[in-house]
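Structure first, then comments.
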Amino acid sequence: MQRLRQRRACGCLAALWYLLVAVTAAAAADADDTPVILATVCGNTPALDPESFDVSFVNTLELIYQNVTRFGFGAAASGEGADAVFGLGQCLAYLSPTDCQLCYAQCRVKLPHCLPDTGGRIYLDGCFLRYGQDNFTAVASDANDTVVCSNATVSAPAFAASASALVLNVTAAAPGARDYYYSASAAASDAPPVYAAAQCWRSLNASACAACVASARDRVVRQCLPRAAEGYGLNAGCVVRYSTQPFYLPANATAGSGSPNRHIIIVVIASVFSALAAIGIAFAWAKMRNRRNDHHEDMDVSSEIIRVIAASHLSFKYEELRRATDDFDHINKLGQGGFGSVYKGVLSDGREIAVKRLFFNRRQCAEQFFNEVRLISQVQHKNLVKLLGCSVEGPESLLVYEYLCNTSLDHYLFDAFKKTALDWERRLEIILGTAEGLSYLHNASEIRIIHRDIKASNILLDERFRPKIADFGLARNFTEDQSHLSTGLAGTFGYMAPEYIVHGQLTEKADIYSYGVLVLEIITGRKSLNSVASSAEGHSLMSLIWKHYSEGTVMELLDPNLREQCTEEEAVKVFHVGLLCSQASPNLRPPMWKVVEMLGSRAELPRPTQPPFINIKGSNAKSDSSSSGSSGLRSNSDKSPFSLNQLSVSGVHAR
């Protein structure tokens, strides 16, 4: 009963935070700040080898990510034969970079529902994502083209004529416009204004774009007009849309207009005006406490949790932390993650602390805060960052940690000058200490905990460069009788296990995979996420390591700073452990207690199997296009070459 009451309290607090950020009760009731899904089309042919196909699927969508979120468009391919997966993603040009990331993140989470089918596509209100076994990137129209018409209607007789003429104009202009995108509006004297936009994917050429928008236009005009207030023509290579709402205008021009994108606009507004959200928190909290409604019991439980925390040894006064950080001065800012910023502070007694200040632009922040307090306060280990307390009574919620003077591992490991401070002994201690910390979380603590976001930036270093695992906001705990958790996608692409990305089933093996990637980064001094772009051969780091390991030349990838500091036997052993942890099959990855044992003994290790990796030549690759195992893509339009660059980092949904 107590566990149930705690769950209900967390849900209530999450809804409350979302209410305060959105400043409307309706938004809290929706409990959804994700783009609207317009249509999802899955194939009907299952993959011959689902496990191998899943790996190619993950690799392809990870390659697409960075270009989509930077440029609004990306295309890629990986795998060969029956395991080949082509992919294409595009945001409509009117989305801001932030909205594009939100939209793509939702696509990325929902599209795996089509697996194990060998093809699928998803249209969201603002973006598109598709995968398949064949190269469909030049296809403008196919049998899965469709139309979506709104249920809202317009009765004005002149509306249909005005909307039809406008849609005709934008579709005529789009093939010759920049990025194949054109938008415009029109208004008749006796009808509401109408707004329209047309956009083709950048993989088409101009003539294919013209055919695509003409087909989508005819279908949407024929099926949605004369009465529907909004219509979408969704083709394989383009989207045509009209609406009575100015959907393509910036968020600040449409606030309060009732646009279908209001949930995305709420996120953007809240992010920019976080100070206003803090004021709203205090006001709405006082209001909510006095309301007598169906959620009265939940609010009582939430209030009780806050009172318990405030009365415990974990509680800090908000004013005390504000003074300690000089009012959160930018000079004291240590870093920023997906859920908040971290500041250095000095308490009145001289103790140095790190204060995590949570963002209030997403409702999950409330869940993260209480999740982090609850989990970290229950675990103590020399390789886990120590939670000193929190503040819950001020205008915003704060977490207080021990301060570690050498910040995070990534600040040293990927800096050409600072990495010299990480000699062989220190790197080995970081590898072993991180393994010991994870082994404790998985096996030795009172509760089984999966971290879900092991990466270099979440490994903090003390004055002697000893590692401490940090940032437990995404962590989840298991009961003794659970084999796995089914959960939404969260973490950082490039470190996330393929079976977790595809199926959403979380086990300790996901942390072990992330740890394996981290180990390989530590010993090579290279970012796994950047390796496709920086590699002369167009290979990912995992691909290069596996190639050299198979050929017995893995020492060529050892960080040059380490070559005079360790023996070949020592280095190869660490490579070996990293590959064992990052194998494609989760069942083959050793548990963390076994990893600790492997690192400390001279026993013979089992031979690793091939990890999931990307072996694709992108626009940055320098080797000849005939290189074995590689594939390249280029747009049919000269103005839009495909760029297949590094793996992605996601804060999606997730971070």
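Each value in this text was obtained by applying a stated rule to the coordinates, not by laboratory testing. This is a predicted model, so every value here is computed, not measured. Note: ideal-geometry Cβ built from the backbone for every residue, glycine included; neighbour counts use all protein chains shown.
Tabulated values for the structure
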| quantity | calculated |
| --- | --- |
| Sequence of Asp54, Asp511 once ranked by neighbouring C-beta atoms within 10 Å, starting from the fewest | Asp54, Asp511 |
| Theoretical gain in end-to-end length, Lys386 to Glu319 [0.36 nm per residue, Cα-Cα removed] | 21.9 nm |
| Stretch gain in nm, segment Arg227-Leu347, where the contour uses 0.36 nm per residue and the Cα spacing is subtracted | 36.7 nm |
| Computed E for Arg70/Phe417 - FRET, C-beta separation, R0 22 angstrom, nearest 0.05 | 0.20 |
| Sequence-distant residues sharing a close amide H with Cys127 (under 5 Å, placed H) | Leu92 |
| Contact order normalised by residue count of region 24-132, Cα under 8 Å, 6+ apart, percent | 34 percent |
| Equivalent ellipsoid semi-axes, region 146-264, via Cα gyration tensor eigenvalues times 5, rooted, Å | 22, 16, 13 |
| Tyr104, Tyr500 arranged by Cβ crowding within 10 Å, fewest neighbours leading | Tyr500, Tyr104 |
| Global form of region 379-448, assessed from the alpha-carbon gyration tensor, a/c cut-off 1.5 | oblate |
| Least to most buried among Cys405, Cys127, Cys566 (fewest other Cβ within 10 Å first) | Cys405, Cys566, Cys127 |
| Mean separation of Cα contacts under 8 Å, 6 or more apart, over the residue count of region 549-618: relative contact order % | 31 percent |
| Nearest-0.05 FRET efficiency for Glu551 and Ala172, computed from C-beta distance (R0 51 Å) | 0.35 |
| Relative contact order of region 146-264, pairs being alpha-carbon contacts under 8 Å that are 6 or more residues apart, as % | 31 percent |
| Extension gain (nm, one decimal) between Thr45 and Gln565, 0.36 nm per residue minus Cα-Cα | 181.9 nm |
